[in-house]
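Since the structure comes first, as structure tokens, the remarks are kept for the end.
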Amino acid sequence: MIRFVLSRGIRAALIFVVASVAVCYGLRVAPGSLADIVTNPLNRAFAVKDLEERLGLDEPVIVQYFVFVRNIMGGDFGVSFISNRSVTEIIATGGLNTLKLGGAAAILTYFISVPLGIMAAARRNSVIDQGSMLIAVLGMAIPNFFLAILLVRLFAVELRWLPAAGQGGIKHLILPAVVLAAEAIAINLRLVRASVLEQLSRDYIRTLRAKGASERRVVWIHAFRNALPPVITFGGVMLRTLLGYTLVVEVIFRYPGLGFELVDSVLKRDYAVAQALALVFIAGVVLFNFLADLGHHLAEPRIRERGAAG
Amino acid sequence: MVTPTTGRDLATVGGPGRGPLLEISHLSVRLRMRSGPITVVDDVSLEIGSGEILGLVGESGCGKSMTALAIMRLLPEAAEIAGGSVLLDGEDLVRTKPERMRQIRGAEVAMVFQEPMTSLDPAFTVGHQVVEAVRAHEKVSRAVSLRRAEESFERVGIPKPRERFDAYPHQLSGGLCQRVMLAMALVTSPRLLIADEPTTALDVTIQAQILELIKQLRTELNLSVLWISHDFGVVSEIADRVAVMYAGEIVEIGETSHMLGAPRHRYTRALIDSIPGRGEPRSLLRTIPGQVPDPGARPAGCRFSPRCDAPVSECELIHPELRAERDASSFRCHNPVA
Ligand SMILES: Nc1ncnc2c1ncn2[C@@H]1O[C@H](COP(=O)(O)OP(=O)(O)OP(=O)(O)O)[C@@H](O)[C@H]1O
Ligand SMILES: [Mg+2]
């Protein structure tokens, strides 16, 4: 167990370092520059030079990278060139917003897909089963930006039940969370259904019925408990995917989370912010991959057995 | 206590003088296949008396498990009961409501399966699974059900029951798992135990212990048993009466000792001859040539005729009826062993 965590931890750290170099370099070589955006075209040549010198942008990329790393080590993420807010503050507020949105999407995913998947498996070919498979197919087939347009049109424009964009209370969270969760619900629904179905065909299920256990116990306790490992493993993958989708969903709904800030800062060549946020995203992806590995490791019966015996 | 006797000939029941507990009449089970339905259990009638051990024997694929699962109403999805009745103390299990059937399973009719390792839930401790069997039927406290489980473990000869409670199935041997299954089946004191090849996966010593145990429980608890096996040798050690099954139907039924000494159906005789170590030296051990016909492709006449050592002309054409003898045994053969 400790060995597992250590080896995966080292691997994650390496990935993180490589990714940070790529981010730093990628942002610098992308066409366009900060100066294009913040300077007045009339005295441009002069202003650009001045600005780049001030920010160190005229240094070679490799030097800029090490300056960046040194600053981060010292806990200094810098300041936005555009808004003058500290990057730390942007990460904190954006992070909280994204956490709310991602949390809402994750809760939505599990509260819908787990019970529905179990019911679909328990009553194969019933209306519930067919309905949930329809949800699964639609959830996977409809691109999330398109779903966002449909939902905004219906619930914000036509019915006026929910706000179309922005940030505020629960109401502002509903549409983006649904859009963000749609694909995860679909995949998880299929996964839960397939996994429970597989368990229901096992010998021990017949034994449970033979001793007179109620159908509810057989399905919801025994089959579900045994169906969990793939669902847990997928949880890590799902969180990673959700994080990626916040880039799209937060921009569509103008929801001020990390994804929105990242896209915004990249478009404005706000290097300090873009760089830091990209690293936060990479850290998230690496972390969720690690969690997925760990979940898989813990859920694997034979490994669990070794843990139980020792 | 006076037990009511039915008007039925006691010899047909064979047990220690009671009416039949289980009465299967004309039971048929059909499998829905893409090529159309096939009958895997065909017009089977059996009786098991109170405290009686009935052996059901036949080669692999002849429909023994399907018969057992039909009694429990636990047939796989592709199979269905096509006709007949299964009376447990007069109550027809084929027609009873699902919730009533759930109450009967475990509490009145319990079943032990062939594969002990895969028949227990891998994610729960064995103690939990036995306690669950008690609490499926009785509203008792955890402490009481734990004590009952402990007693049941002791009864089936599991040493130090409490220490085994916390084990997961994969931490126990096949023999122990089979005992746990047995303990789980017996913890609710059922009247009928269906044991579907419960000793096939076990080595000979443990097999002998379990046979002893079943016989002992029959005497102690007046338990009735349907003992299923493909091995006539094992069945002859434990059963009061034996039903021989071939290609979905009963071909001979009668008292064990009687049948061992004077089998009438040629399939029965072939099965008996293939018991290891009976009279003939090992080198002469006989196996039955050929295979059980596929349920979809059974001969029109006697289903055993293609493999029979003494077929006569009717055998290929006319399906023999089950013929009752005076001694309450019956068989299905045009040219029986004299
Ligand atoms: N799930 C299933 N799907 C299709 N056919 C099946 C299924 N289960 C059993 N069968 C068929 O039904 C027939 C009867 O099977 P059954 O399991 O009752 O035999 P058995 O006498 O118990 O044999 P064994 O000694 O191998 O357990 C066989 O021909 C078998 O191939
Ligand atoms: Mg079988």
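The values are calculated or read from the model by the stated rules, or taken from the named source; none is laboratory data. Owing to the predicted nature of the structure, the values given are computational and were not obtained by experimental measurement. Cβ: placed from backbone, ideal geometry, glycine included. Neighbour counts: every protein chain shown.
Structure values in brief
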{"read-out": "Candidates A:A223, A:A272, A:A278, A:A210, filtered to the one that is touching a residue at least 40 places away in the same chain (Cβ under 8 Å) and within 30 Å of B:A107 (Cβ to Cβ)", "value": "A:A223"}
{"read-out": "Qualifying positions in the range B:41-64 - closer than 30 Å to B:E220 by Cβ and either part of a loop (DSSP other than H, G, I, E, B) or near ligand 1 (Cβ under 7 Å from one of its atoms) (or both)", "value": "B:S50, B:G51, B:E52, B:G58, B:K64"}
{"read-out": "Residues (more than 9 Å from chain A (Cβ to nearest Cβ) and in a loop (DSSP other than H, G, I, E, B)) located in the range B:118-145", "value": "B:T125, B:E138, B:K139, B:V140, B:S141"}
{"read-out": "Any chance B:S35 is within 16 Å of ligand 2 (Cβ to nearest atom) and out of contact with any strand residue (DSSP E or B) (no Cβ under 8 Å at 6 or more places or on another chain)", "value": "no"}
{"read-out": "Which numbered condition A:G212 fails, given (1) at the interface with chain B (Cβ under 7 Å from one of its Cβ atoms); (2) of a type outside the set (A, V, I, L, M); (3) on the phi < 0 side of the Ramachandran plot", "value": "(3)"}
{"read-out": "Filtered residue count, the range A:173-209, keeping only those that are part of a helix (DSSP H, G or I), within 14 Å of chain B (Cβ to nearest Cβ) and not aromatic (F, W, Y)", "value": "12"}
{"read-out": "Filtered residues of the range A:111-134 (kept if under 21 Å from the mean Cα position of the chain (by Cα) and in contact (Cβ under 8 Å) with a residue 24 or more places away in the chain)", "value": "A:I112, A:S113, A:V114"}
{"read-out": "B:L75 within 16 Å of ligand 1 (Cβ to nearest atom) and closer than 25 Å to B:L211 by Cα", "value": "no"}
{"read-out": "The range B:186-206, residues that are among the charged types (D, E, K, R), part of a loop (DSSP other than H, G, I, E, B) and more than 24 Å from B:R148 (Cα to Cα)", "value": "B:E197, B:D203"}
{"read-out": "Count of residues meeting criterion [touching a Leu at 6+ places or on another chain (Cβ under 9 Å), in a helix (DSSP H, G or I) and β-branched (V, I, T)] in the range A:63-107", "value": "5"}
{"read-out": "Candidate set from the range B:166-175 (those that are in a helix (DSSP H, G or I) and either modelled with pLDDT under 90 or buried (at least 20 other Cβ atoms within 10 Å of the Cβ) (or both)); member that is nearest to the other protein chains (Cβ to nearest Cβ)", "value": "B:P169"}
{"read-out": "Test: B:V156 is in contact with a strand residue (DSSP E or B) (Cβ under 9 Å, 6 or more places away or on another chain), surrounded by 20 or more Cβ atoms within 10 Å (Cβ to Cβ) and either in contact (Cβ under 8 Å) with a residue 24 or more places away in the chain or within 8 Å of chain A (Cβ to nearest Cβ) (or both)", "value": "no"}
{"read-out": "Output for the range B:42-64, where each listed residue is surrounded by 21 or more Cβ atoms within 10 Å (Cβ to Cβ) and within 12 Å of ligand 2 (Cβ to nearest atom)", "value": "B:L56, B:V57, B:G58, B:C62, B:G63, B:K64"}
{"read-out": "Residue match in the range B:99-113 (condition: facing another protein chain (nearest Cβ under 9 Å), in contact with a Ser or Thr (Cβ under 7 Å, 6 or more places away or on another chain) and within 13 Å of ligand 1 (Cβ to nearest atom))", "value": "yes"}
{"read-out": "Selected residue (only one of B:A133, B:A107, B:A185 is touching a strand residue (DSSP E or B) at 6+ places or on another chain (Cβ under 7 Å) and in contact (Cβ under 8 Å) with a residue 40 or more places away in the chain)", "value": "B:A185"}
{"read-out": "Test: B:G83 is surrounded by fewer than 21 Cβ atoms within 10 Å (Cβ to Cβ), within 16 Å of ligand 2 (Cβ to nearest atom) and of a type outside the set (A, V, I, L, M, F, W, C)", "value": "no"}
{"read-out": "Residue, farthest from B:I206 (Cα to Cα), within the range B:131-148, restricted to residues that are small (G, A, S) and either in contact with a Ser or Thr (Cβ under 9 Å, 6 or more places away or on another chain) or modelled with pLDDT of 95 or more (or both)", "value": "B:A136"}
{"read-out": "Set A:R216, A:R209, A:R190: member being more than 30 Å from A:F68 (Cβ to Cβ) and surrounded by fewer than 19 Cβ atoms within 10 Å (Cβ to Cβ)", "value": "A:R216"}
{"read-out": "Residue within the range B:246-269 that is within 15 Å of ligand 2 (Cβ to nearest atom) and touching a strand residue (DSSP E or B) at 6+ places or on another chain (Cβ under 7 Å) present", "value": "yes"}
{"read-out": "Scan of the range A:1-47 for residues that are closer than 23 Å to A:N71 by Cβ and modelled with pLDDT under 65, ordered by number", "value": "A:S33, A:L34, A:A35, A:I37, A:V38"}
{"read-out": "Residues (within 10 Å of ligand 2 (Cβ to nearest atom) and more than 14 Å from chain A (Cβ to nearest Cβ)) located in the range B:65-80", "value": "B:T67"}
{"read-out": "Residue check for A:R240: part of a helix (DSSP H, G or I) and surrounded by fewer than 22 Cβ atoms within 10 Å (Cβ to Cβ)", "value": "yes"}
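Residues checked against (1) away from ligand 1 (no atom under 16 Å from the Cβ); (2) touching a His at 6+ places or on another chain (Cβ under 7 Å); (3) more than 14 Å from every other protein chain (Cβ to nearest Cβ):
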{"position": "B:M181", "(1), (2), (3)": "yes, no, no"}
{"position": "B:S189", "(1), (2), (3)": "yes, no, no"}
{"position": "B:L193", "(1), (2), (3)": "yes, no, no"}
{"position": "B:P198", "(1), (2), (3)": "no, no, no"}
{"position": "B:V225", "(1), (2), (3)": "yes, no, yes"}
{"position": "B:V235", "(1), (2), (3)": "no, no, yes"}
